[in-house]
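Here the structure comes first, spelled out in structure tokens, and everything after it is commentary.
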Amino acid sequence: MSERTPNARTRRKSGTDTEAQSADRFDVLIAGAGYVGLALAVSIAEARPGMRVMIVDAAPEGVWEKDGRASAIAAAASRMLAQLGCWEEIAGNAQPITDMIITDSRTSDPVRPVFLTFGGEAAPGEPFAHMVMNRDLNTALRRRAEELGVDIVQGVGVDGFEVEGATVSVRLSDGMQARTRLLVAADGVRSRLRDMAGIKTLHWDYGQSGIVCTVAHERPHNGRAEEHFLPAGPFATLPLMGNRSSIVWTERTGDAERLVAEDDFIFEQELELRFGLKLGEIHVEGPRRAWPLGLTLARDFVKPRFALAGDAAHGIHPIAGQGLNLGFKDAAALAQVLVEADRLGEDIGAIDVLQRYERWRRFDTVQMGVTTDVLNRLFSNDLGPLRAVRDIGLGLVDRMPGMKSFFVRQAAGMDRSAPRLLQGEAI
């Protein structure tokens, strides 16, 4: 990975025209250095060392190191990271999720009956998921990208692009130009590149925000994750290393903004009403933030020499904890399509090649978007008859081992149609 300063870029442009064109010509240019962009770059460079890959990211240098959030990594994603040479670095600080319970209640209820429990492993000795700090994930992927020679430019975004025959001419925000066979937008749910490409989205706002924070508690969680369905939305506690948990707390947007603005005492009092005292006294560590929640699905995932990946293609409700894992599926699928096409001598930016990726990923992302939407609407309310029906449904699933095993496999990402990387195999 060569992190190029503006001066270094100028030196590269100071040779002959041929040298300048060569220096700024890439096979794949990725906008966005989050986990999707990095995983895609590493996947391609690992499988096809001859392909030149570049990442540009508009965020300032070092911002990712300050990210105190954590994410749930499904077993299939950890297999992918192991295949890419990243998991060993991450595993020492990753907290296995050994089981999960689901309740349905009101905040004021003195007892929260457990309607559904999940446990088990994706394979012997392999938890179905881990909790990983975002900065640890980013560090490992960046380190591997550096080893593979991926070119990353931080603090530089894409100002515009034009398809010119077999290449895309990309204008960067520092005034430089780059040419690439394929441009990939992995720049988040509010993707600027998606808008530049003229790709429309299906979107609606839930009127909810997700409050994210980390809490320390007196007693150990023993690797248990919990999801409490409350009238305003789901409240999830996810285990971290040590006596700490990550909180994803859904509230109506106005209430979420009010809670985040409160002083520590009031915020922790409200948190305790939802978290409970089963793990002893709790204390919030670090900052707390609220993120607006909605459903966003791109109408197209590809155009000639252009592809969407990760949240740029789909943004879903966190109720199932699958947002990050959908992004890894995108990265693995797109990398496999591009690498296999390049091995056959095909044009990796041609629309017929890119449509293979779109067909592979569209149904899964739409299905997950619809599933999370229905679950959120079903459980984010306090209607008595509906509460009775859903609680009976949860209880029935809890008594069906085969159904529970199916859900565990789904949560682990164990799908026979998954890309090879997610099955722990090389492309």
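The values are calculated or read from the model by the stated rules, or taken from the named source; none is laboratory data. All values reported here derive from a predicted model rather than from experimental measurement. Ideal geometry is used to build each Cβ from the backbone, glycine not excepted, and the neighbour counts take in all protein chains shown. With ligands, DNA and RNA removed, areas are computed over all heavy atoms of the protein, side chains included. Shrake-Rupley method; radii C 1.70, N 1.55, O 1.52, S 1.80 Å.
Details
- MRE, 222 nm, helices only [DSSP H, n ≥ 4, -39500 (n - 2.57), over the chain, to nearest 500]: -11500 deg cm²/dmol
- Axis angle, to the nearest 10 degrees, between helix 384-398 and the longest C-alpha principal axis of the chain: 70 degrees.
- Taking a Cβ cut-off of under 15 Å around Arg299, the surrounding Lys, Arg, Asp and Glu residues balance to a net charge of +3, with basic ones at +1 and acidic ones at -1.
- If R0 is taken as 35 Å, the Cβ-Cβ distance between Arg219 and Ser417 corresponds to a FRET efficiency of 0.25.
- Under 16 Å of direct C-alpha separation, and excluding same-chain neighbours fewer than eight residues apart, Lys278 reaches these aspartates and glutamates: Asp109, Glu218, Glu226, Glu227, Glu268, Glu270.
- Oblate is the label for region 22-62, because a/c, from the alpha-carbon gyration tensor with a ≥ b ≥ c as root eigenvalues, is 1.5 or above and a/b does not exceed b/c.
- Kirkwood hydrodynamic radius computed over the chain comes to 22.6 Å, based on all pairs of distinct alpha carbons.
- Rounded tilt (10° steps) of 351-379 against the dominant C-alpha axis of the chain: 20 degrees
- Ranking Val53, Met80, Trp64 by how far each Cα lies toward the positive end of the dipole of region 50-89 (charges on Cβ) leaves Met80 at the top.
- Segment Asp159-Glu147, length gained on full extension (0.36 nm per residue, minus Cα span): 1.5 nm
- Heavy atoms of the protein chains alone define the surface here; on that basis the chain has 43 Å² accessible area per residue at 1.4 Å probe size.
- Around Ala309: net Lys/Arg minus Asp/Glu count, Cβ-Cβ under 12 Å: -1
- DSSP-assigned coil residues among GluC sites (Glu not before Pro) in region 247-294, each with at most 14 further Cβ atoms within 10 Å: Glu262, Glu281
- Extension reserve of the Trp204-Glu285 stretch, reckoned as 0.36 nm per residue once the Cα distance is removed: 25.9 nm
- Debye, to nearest 20: dipole size of the chain, +1 on Lys, Arg Cβ, -1 on Asp, Glu Cβ: 800 debye
- Degrees between helix 323-343 axis and first principal axis of the chain (Cα, 0 to 90, nearest 10): 30 degrees
- Expressed as a whole percent, the proportion of Cα-Cα pairs in region 179-326 lying more than 17 Å apart is 65%.
- Taking Cβ atoms as reference points and 11 Å as the exclusive limit, the residues near Leu29 contribute a net charge of +2, counting Lys and Arg as +1 and Asp and Glu as -1.
- Coil-residue trypsin sites (Lys or Arg not before Pro) of region 179-267, DSSP, other Cβ within 10 Å capped at 12: Arg190, Lys200
- Extension reserve of the Thr107-Arg359 stretch, reckoned as 0.36 nm per residue once the Cα distance is removed: 86.4 nm
- Remark: relative contact order (region 124-233) = 11 percent; criterion is Cα-Cα distance under 8 angstrom and separation of 6 or more residues.
- Dipole magnitude for region 166-287: about 1040 debye, using +1 per Lys or Arg Cβ and -1 per Asp or Glu Cβ, origin at the Cα centre.
- Dipole of region 194-353, positive end: most advanced residue of Ser209, Ala256, Ile348 [Cβ charges, Cα centre]: Ile348
- Antiparallel bridges, percent of DSSP beta bridges restricted to the chain (to nearest 5): 75 percent
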